[in-house]
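Engineer: Got a structure for you, written out below as structure tokens; questions coming shortly.
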């Protein structure tokens with residue numbers, strides 16, 4: 001029998017304890033295509049799991065001889081595999097690399113074959129909606145070399161962590177930078193809570209405009225409005241003109257403004273539309289991979305507008321699962337995507353009906369899923385009343401904050417210009433009277449801060 005990678009792997013699984021401990025958590029029986037290889041691996045794996053040491057050849061032979069499920073031909077083939085396990089010593093680091101490549105190749109092959117079965121209708125348990133998740137999971141196979149933080153030995157690393165300058169995506173709003181200690185961190189899920197029409201999309205469009213203005217690459221995923229409507233809002237924000245007046249610009253004037261935006265902004269913006277409830281984290285991951293491959297676009301921050309109308313890769317369309325379970329699953333998948341892509345994700349959720357017109361909002365007003373706040377790193381409510389609307393203001397209330405103490409600046413005010421699709425800081429005096437004890441929403445004059453962020457100067 002010629003040397004095969006399967007044979008080399010099996011040989012070293014019975015004679016190199018250090019190699020076993022590195023690779024055994026990542027190997028799967030399905031990766032071994034021949035029945036006899038799979039059988040021998042099963043014996044090795046079960047032995048290591050039970051005794052925490054690799055088996056000898058004699059132990060494997062005994063296990064094969066005692067296996068009554070094997071017919072004469074299968075038994076002979078298994079013995080042939082065992083008799084070949086006498087290879088020469090190999091470089092461990094090289095073999096670990098080769099084993100990782102083996103696992104990746106087999107995972108991708110199995111993922112493709114499973115996808116073909118789903119497409120051909122041979123797999124009735126899964127729909128085509130599962131394809132992005134299956135292929136993404138296959139492509140993500142790799143060895144995790146990090147086995148944990150040693151409190152004493154890694155103390156220096158911990159010191160460096162305490163004094164590191166963490167790269168964050170800054171807000172252009174002082175109060176939001178204050179409550180997040182400088183902006184949004186990578187690997188976080190950040191959620192705005194608001195009623196219908198209050199300003200969820202406005203908030204995210206403004207944030208996206210501010211991010212590209214600061215040189216960040218932004219991926220904006222919309223499941224509610226069209227790509228063109230989102231781009232229209234960002235146009236109004238960056239051009240600093242009422243959205244209703246965009247259509248009054250001549251082609252020459254519009255081109256001139258776009259050129260000036262392009263000259264001043266280093267960040268890139270990609271807006272991608274999906275039909276409502278049609279896409280989940282697997283689709284978003286596939287999109288990110290495609291953008292990296294085809295457009296050399298690597299997002300620094302991702303906006304998803306909005307969480308409640310995403311789907312979950314864990315449930316088929318029309319699933320009988322309750323809304324609590326589905327929404328919680330969506331949130332967990334989005335946070336997992338943020339961790340995997342090493343970016344902050346910003347999304348939004350609806351309030352319950354009772355929270356639509358309230359002057360105060362709490363976690364109990366989280367629509368459909370009280371489990372959502374448990375997943376989010378930052379969650380805040382955007383509150384609007386008729387009085388605040390007349391003054392062009394939002395009240396922001398912190399609901400959960402892993403960045404800093406949420407009881408500090410628990411409530412604060414920001415200005416809103418709906419016509420220009422932008423937010424702005426108010427004069428600091430607007431915050432002085434606002435305390436957690438003051439449940440009634442106070443109103444303030446705009447002060448002199450409206451022009452702090454005016455988009456591109458034309």
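The values are calculated or read from the model by the stated rules, or taken from the named source; none is laboratory data. Being a predicted model, the structure only gives us computed values, none of them experimental. All Cβ positions, glycine included, derive from the backbone under ideal geometry; neighbour counts span all protein chains shown.
Engineer: Just need a number here: residues in region 227-249 that are touching a helix residue (DSSP H, G or I) at 6+ places or on another chain (Cβ under 9 Å) and not in a helix (DSSP H, G or I).
Structural biologist: Residues that pass the stated criteria total 3.
Engineer: A further question on this structure: Say whether the condition of being surrounded by fewer than 17 Cβ atoms within 10 Å (Cβ to Cβ), in contact with a strand residue (DSSP E or B) (Cβ under 7 Å, 6 or more places away or on another chain), closer than 30 Å to residue 215 by Cα and free of Cβ contacts under 8 Å to residues at least 24 places away in the same chain is met by at least one residue in region 151-174.
Structural biologist: Among the residues of region 151-174, at least one is surrounded by fewer than 17 Cβ atoms within 10 Å (Cβ to Cβ), in contact with a strand residue (DSSP E or B) (Cβ under 7 Å, 6 or more places away or on another chain), closer than 30 Å to residue 215 by Cα and free of Cβ contacts under 8 Å to residues at least 24 places away in the same chain, which makes the answer yes.
Engineer: Something else: I'd like to check something: does region 59-69 contain any residue that is outside any helix (DSSP H, G or I), in the same structural domain as residue 109 (by TED's automatic domain parsing) and closer than 15 Å to residue 5 by Cβ?
Structural biologist: no
Engineer: Residue 53: farther than 15 Å from residue 4 by Cα and surrounded by fewer than 14 Cβ atoms within 10 Å (Cβ to Cβ), yes or no?
Structural biologist: Yes; evaluated as a whole, the condition is true for this residue.
Engineer: Also: Confirm whether residue 120 is at pLDDT below 90, within 30 Å of residue 314 (Cβ to Cβ) and surrounded by fewer than 11 Cβ atoms within 10 Å (Cβ to Cβ).
Structural biologist: yes
Engineer: Taking the condition over 22 Å from residue 338 (Cα atoms), modelled with pLDDT of 85 or more and either touching a helix residue (DSSP H, G or I) at 6+ places or on another chain (Cβ under 7 Å) or part of a strand (DSSP E or B) (or both), does residue 106 pass?
Structural biologist: yes
Engineer: Given the conditions (1) more than 30 Å from the chain's Cα centre (by Cα); (2) not in a loop (DSSP other than H, G, I, E, B), report the number of the one that residue 426 does not fulfil.
Structural biologist: Tallying (1) more than 30 Å from the chain's Cα centre (by Cα); (2) not in a loop (DSSP other than H, G, I, E, B), residue 426 fails exactly one: (2).
Engineer: Further question: Mind listing whichever residues of region 59-91 are closer than 16 Å to residue 20 by Cα and surrounded by 15 or more Cβ atoms within 10 Å (Cβ to Cβ)?
Structural biologist: 60, 85
Engineer: Then there is this: All but one of (1) in a helix (DSSP H, G or I); (2) in contact with a helix residue (DSSP H, G or I) (Cβ under 6 Å, 6 or more places away or on another chain); (3) at pLDDT 90 or above hold for residue 187; state the number of the condition that does not hold.
Structural biologist: In the conditions (1) in a helix (DSSP H, G or I); (2) in contact with a helix residue (DSSP H, G or I) (Cβ under 6 Å, 6 or more places away or on another chain); (3) at pLDDT 90 or above, residue 187 misses (1) alone.
Engineer: If you check residue 260 against the conditions, is it in the same structural domain as residue 419 (by TED's automatic domain parsing) and either farther than 18 Å from residue 423 by Cβ or part of a helix (DSSP H, G or I) (or both)?
Structural biologist: For residue 260, the condition - in the same structural domain as residue 419 (by TED's automatic domain parsing) and either farther than 18 Å from residue 423 by Cβ or part of a helix (DSSP H, G or I) (or both) - is met.
Engineer: Which residue out of 267, 215 is assigned to a loop (DSSP other than H, G, I, E, B) and either out of contact with any helix residue (DSSP H, G or I) (no Cβ under 7 Å at 6 or more places or on another chain) or free of Cβ contacts under 8 Å to residues at least 24 places away in the same chain (or both)?
Structural biologist: Just one listed residue meets the conditions, 215.
Engineer: Can you run down the residue pairs with Cβ atoms below 7 Å, 6 or more apart or on separate chains, where the first is in region 220-245 and not assigned by TED's automatic domain parsing to the domain that holds residue 309 and the partner is surrounded by fewer than 22 Cβ atoms within 10 Å (Cβ to Cβ) and at pLDDT 90 or above?
Structural biologist: Between residues of region 220-245 that are not assigned by TED's automatic domain parsing to the domain that holds residue 309 and residues that are surrounded by fewer than 22 Cβ atoms within 10 Å (Cβ to Cβ) and at pLDDT 90 or above, there is no close pair.
Engineer: Please go through region 180-199 and pick out each residue that is more than 29 Å from residue 263 (Cα to Cα) and surrounded by 21 or more Cβ atoms within 10 Å (Cβ to Cβ).
Structural biologist: Once the filter is applied, which keeps residues that are more than 29 Å from residue 263 (Cα to Cα) and surrounded by 21 or more Cβ atoms within 10 Å (Cβ to Cβ), region 180-199 yields 180, 188, 189, 190, 191, 192, 193, 194, 195, 198, 199.
Engineer: Another question about this same structure. What is the number of the single condition among (1) closer than 22 Å to residue 140 by Cα; (2) modelled with pLDDT of 85 or more; (3) crowded, with 19+ Cβ neighbours inside 10 Å that residue 304 does not meet?
Structural biologist: Condition not satisfied by residue 304: (1).
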